[in-house]
Amino acid sequence: MIQQDQSTIQQADTQHCTEARPRTHAGYIPELDGLRGLAVLFVLLAHSPVTALHCLGGFGVTIFFVLSGFLITRILLHEKQQGVPLRAFLVRRAARIFPAYYLLLIVCGFWRGWDGIPYAALYVYNWSPSELVLPPYLGHTWSLCVEEQFYLLWPLVVTYCSASRRVGVRLLVYCLALYPLFELFAPAAGFGNYVSTLMYRATPFQAVPLLIGCMAAYSEDRIRSYLKHNMIPILLLCGVILYLWTTQTDMITGQLHLTIKSLSRIAAATMLFLLCQSPVAARVLSLSPLRWCGMISYGLYLYHAPIYAGLLGVKNIWFTLPATFVVAIVSYFLYEKPIRGIGYRVSKSARMRIATAHT
């Protein structure tokens, strides 16, 4: 789904730097690609006919959100330090996200009709009228809408606000407080049966995992140091297992059950993100198959729903799952990557101008 290419800052021009930057603020982190690969596999399995795996879908998307917030903020902070203009980041992101997304919408429009597609095209489906339900091959676009709405604001905060970390912490606190308040008072306000839908896909709620990732980017070195030589990684793994067990057995009920389920999912995704910062987990997540899945994860997430729904004429999971990988690979190498190169060239040009100005 959410593909933030870390390699965009791996080859950053350092000629204009006054001091060397730490690796954790400028380098590629392979285990995060592996974690992204694991997250997209969770989503692919959750949307398969195996009912027992359905709980993995929301978990996988939440992992994507935490990762996205971390990587985007990491890039923004680094480029702010280097004096790279924000427009370079925005052009690079647009070249990475929009081409495959709008190609999917056009194909689905001609395939099954255009009902609901304008909401997805404008990235507002997650706020669409309650009676509108996009067909299953486009329903997953709600998470992409959340991200685009969030990143209308956050890059501006990081780039132009000197107290961006403080702003992020306050936003996180406000969004966390919104969960119990909304669940308690929304029914009386007339939201009725739509409470669970809004708590799952509305941007103020899903901003929580995004902001957690954003805040982690400010403390990356400290997090890595803290997780290196103690038992915390084992406790984090136990927390993830506990979440998966409780959701699968549907043990969470009663008042505020939506808040508890949502926050426990976010907590488990955060635990898994933190776990991958430990040396042992990092080695596992750096394995080539997981990193490879992470590399094409945006296409896997984007194309899997229409392919599962029969876009290629077959709905059997033994065909649709491999077909999703084939389509994502072809799209990545023949369509997405060449267009993304345009964004890289714009970014490189901006870096060269900054470097020239400092010489």
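The values are calculated or read from the model by the stated rules, or taken from the named source; none is laboratory data. The structure presented is a predicted model; accordingly, all values stated were derived computationally and were not measured. Please note: Cβ atoms are built from the backbone with ideal geometry, for glycine as well, and neighbour counts cover all protein chains shown. Ligands, DNA and RNA are stripped out before the accessible areas are found, and what is left, the full protein with its side chains, is counted by its heavy atoms. Shrake-Rupley method; radii C 1.70, N 1.55, O 1.52, S 1.80 Å.
Observations on the model:
- Scope segment 244-276; condition open to solvent by less than 60 Å² (accessible area, probe 1.4 Å), among the polar types (S, T, N, Q) and at pLDDT below 80; matching residues: Thr246, Thr247
- Contact annotation: residue pairs with Cβ atoms under 7 Å, 6 or more positions apart or on different chains, pairing a residue in segment 287-307 that is outside any helix (DSSP H, G or I) with a partner that is surrounded by fewer than 23 Cβ atoms within 10 Å (Cβ to Cβ), are Ile296/Ile329; Ile296/Tyr332.
- Residue pairs whose Cβ atoms lie under 8 Å apart, sitting 6 or more positions apart in sequence or on different chains, and linking a residue in segment 134-158 that is closer than 16 Å to Leu300 by Cβ to a partner that is of a type in the set (Lys, Arg), are Tyr137/Arg112; Ser143/Arg201.
- Hits in segment 76-104 - residues which are modelled with pLDDT under 95 and touching a Ser or Thr at 6+ places or on another chain (Cβ under 8 Å): Lys80, Val84, Leu86, Ala88, Phe89, Val91, Arg92
- Wholly enclosed helices (runs of 4 or more DSSP H) of segment 83-166 bearing at least 2 residues open to solvent by 10 Å² or more (accessible area, probe 1.4 Å) and of a type in the set (Val, Ile, Thr): 86-112, 154-160
- Checking each residue in segment 167-190 for being of a type in the set (Gly, Ala, Ser) and either within 30 Å of Gln81 (Cα to Cα) or open to solvent by 30 Å² or more (accessible area, probe 1.4 Å) (or both) picks out Gly168, Ala177, Ala188, Ala189, Gly190.
- Some residue of segment 187-196 being assigned to a helix (DSSP H, G or I), under 15 Å from Leu263 (Cβ atoms) and of a type in the set (S, T, N, Q): yes
- Restricting Arg93, Arg87, Arg112 to those that are under 27 Å from Thr270 (Cα atoms) and not aromatic (Phe, Trp, Tyr) reduces the list to Arg93.
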